[in-house]
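**Q** Please see the structure below; I have some questions.
No value in this document is a laboratory result; all are computed from the given coordinates. Keep in mind that what you see is a predicted model, and the values were worked out from it rather than measured. All Cβ positions, even for glycine, are placed from backbone atoms using ideal geometry, and neighbour counts span all protein chains on display.
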Amino acid sequence: MDTGKLKSAAIIILLCVNLAFGGILIFDGVSNAGAAARERSQLTEIMANNGIEISPGIIPRRCELEAHGVVRSRSGEAELVAALIGQAKEQDQGGNIYYYENANGWVRFRSSGSFEACLYDDGRSDGELLEAVGAAPSGFDGGKYTYFFGKNEIFNCGAEVERGDDGIMISGRRLMGEPGPGRAGEYPTMSTVLIRFLERVVEEGIVCTRIDGISPGYMMSVSAASAELRPVWRISADSGAYCVWADSGEAAAE
């Protein structure tokens with residue numbers, strides 16, 4: 001067994017010892033405030049034992065967000081085209097790719113939510129152009145423009161502007177339509193989420209000494225036939241930002 005596997009095994013054993021002898025009250029649907037406070041305190045101790053500092057006050061109790069189905073809005077795409085280059089004729093390029101072009105530039109949309117646009121000449125600032133495609137400043141990175149559903153950020157969506165000799169390029173991935181009614185689920189406790197995060201840190205050899213925040217949000221998941229917004233926890237640490245699916249506790253790739 002190599003060193004990495006031995007270290008992972010040691011961490012798992014340590015977690016089991018903490019769970020068994022620390023008297024941790026970890027279970028779904030914790031409603032008692034005293035039990036919740038003890039859970040946060042004991043999670044803080046587990047993290048500290050593994051070299052990671054975290055304040056109990058930043059550990060949420062549960063995920064309040066629901067999953068939402070998303071249907072692609074072709075009318076919304078046409079409105080975005082009009083906002084960027086004015087009215088333009090639609091061209092079906094196959095594979096659910098639609099292209100628009102006129103004397104002012106061109107815009108292309110894909111079924112994944114990704115898009116590209118080229119404006120040959122436009123007097124608007126970068127921020128004005130990004131707002132025209134529905135993006136807004138991220139709550140986590142002041143230089144990034146992203147998409148939101150309500151007050152919650154969609155972490156794997158965003159847009160950027162690049163100016164060059166051929167024109168102004170706008171590209172990114174957008175929320176492709178209006179989300180449908182929410183679907184609540186049985187979500188893992190924060191204990192499960194943070195222990196899964198700790199396992200990931202150990203398995204990947206990440207040097208992490210501090211967790212600064214845990215925030216709810218969404219990731220847009222797209223398949224050939226459908227798309228949905230799934231709730232995630234964004235864990236901000238001194239080693240970077242990590243997303244964990246709130247409905248499964250597994251690591252989520254942005």
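**Q** Among the residues of segment 138-156, what is the count of those that are in a loop (DSSP other than H, G, I, E, B) and among the hydroxyl-bearing types (S, T, Y)?
**A** 1
**Q** Looking at segment 43-102 only, could you name the residues that are within 30 Å of D212 (Cβ to Cβ), assigned to a strand (DSSP E or B) and in contact with a helix residue (DSSP H, G or I) (Cβ under 9 Å, 6 or more places away or on another chain)?
**A** The one that is within 30 Å of D212 (Cβ to Cβ), assigned to a strand (DSSP E or B) and in contact with a helix residue (DSSP H, G or I) (Cβ under 9 Å, 6 or more places away or on another chain): E53.
**Q** Which of the residues that make up segment 160-177 are assigned to a loop (DSSP other than H, G, I, E, B) and either basic (K, R) or farther than 14 Å from G105 by Cα (or both)? Steps first, please.
**A** Just the residues of segment 160-177 that are assigned to a loop (DSSP other than H, G, I, E, B), to begin with: 165-166, 174-177.
Listed by number, the residues that qualify are R174, L175, M176, G177.
**Q** Filter segment 164-175 down to residues that are free of Cβ contacts under 8 Å to residues at least 40 places away in the same chain and of a type outside the set (D, E), then give me how many there are.
**A** Within segment 164-175, residues that are free of Cβ contacts under 8 Å to residues at least 40 places away in the same chain and of a type outside the set (D, E) number 1.
**Q** If only one of A78, A103, A83 is under 24 Å from S125 (Cα atoms), aliphatic (A, V, I, L, M) and touching a residue at least 24 places away in the same chain (Cβ under 8 Å), which one is it?
**A** Only one candidate qualifies: A83.
**Q** Under 8 Å between Cβ atoms, at least 6 apart or on separate chains: pull out the pairs that start in segment 137-163 with a residue that is without any contact (Cβ under 8 Å) to a residue 12 or more places away in the chain and end on any residue that is aromatic (F, W, Y).
**A** Cβ pairs passing all conditions: P137/Y145.
**Q** Pick from E53, E64: which is of a type outside the set (G, A, S), closer than 29 Å to M220 by Cα, surrounded by fewer than 17 Cβ atoms within 10 Å (Cβ to Cβ) and within 26 Å of the chain's Cα centre (by Cα)?
**A** Only one candidate qualifies: E64.
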